[in-house]
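Report on one structure; see the data block that follows.
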Ligand SMILES: [Zn+2]
């Protein structure tokens, strides 16, 4: 029994991702690996650890602020930016802060120095 959001159909498998699920055609070895631990397979597919993968899904693709509050808990604000970031963009924001904790303001169209301009 696979967890919710995961499926196997022949050599085609599906797993959760930001912005909808992901579908992949797997060979026999990959398929065995997927069935043994679908979450680990999906996390690895995105280059994330299992914990990162869960956080990425649960945060709707937003990176949580890295600052600790005065109570020693992790700040619940999000680093400014878009939601539903892909795994690479999300991971690049790791260790960043929300605006309140000195993070950069939201990247918008006015931010010409962002890598969108370089593409
Ligand atoms: Zn914060």
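Here is a yes/no grid of residues against (1) closer than 25 Å to residue 51 by Cβ; (2) at pLDDT below 95; (3) within 12 Å of the ligand (Cβ to nearest atom):
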{"position": "72", "(1), (2), (3)": "yes, yes, no"}
{"position": "77", "(1), (2), (3)": "yes, yes, yes"}
{"position": "84", "(1), (2), (3)": "yes, yes, no"}
{"position": "87", "(1), (2), (3)": "yes, no, no"}
{"position": "92", "(1), (2), (3)": "yes, yes, no"}
{"position": "98", "(1), (2), (3)": "yes, yes, yes"}
{"position": "106", "(1), (2), (3)": "no, yes, no"}
{"position": "113", "(1), (2), (3)": "no, yes, no"}
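In this structure, residue 62 does not qualify as within 21 Å of residue 5 (Cα to Cα), more than 16 Å from the ligand (Cβ to nearest atom) and surrounded by 13 or more Cβ atoms within 10 Å (Cβ to Cβ).
The values are calculated or read from the model by the stated rules, or taken from the named source; none is laboratory data. As the structure is a computational prediction, the values presented were derived from the model and not from experiment. Cβ coordinates were reconstructed from backbone atoms using ideal geometry, including for glycine residues, and neighbour counts include every protein chain displayed.
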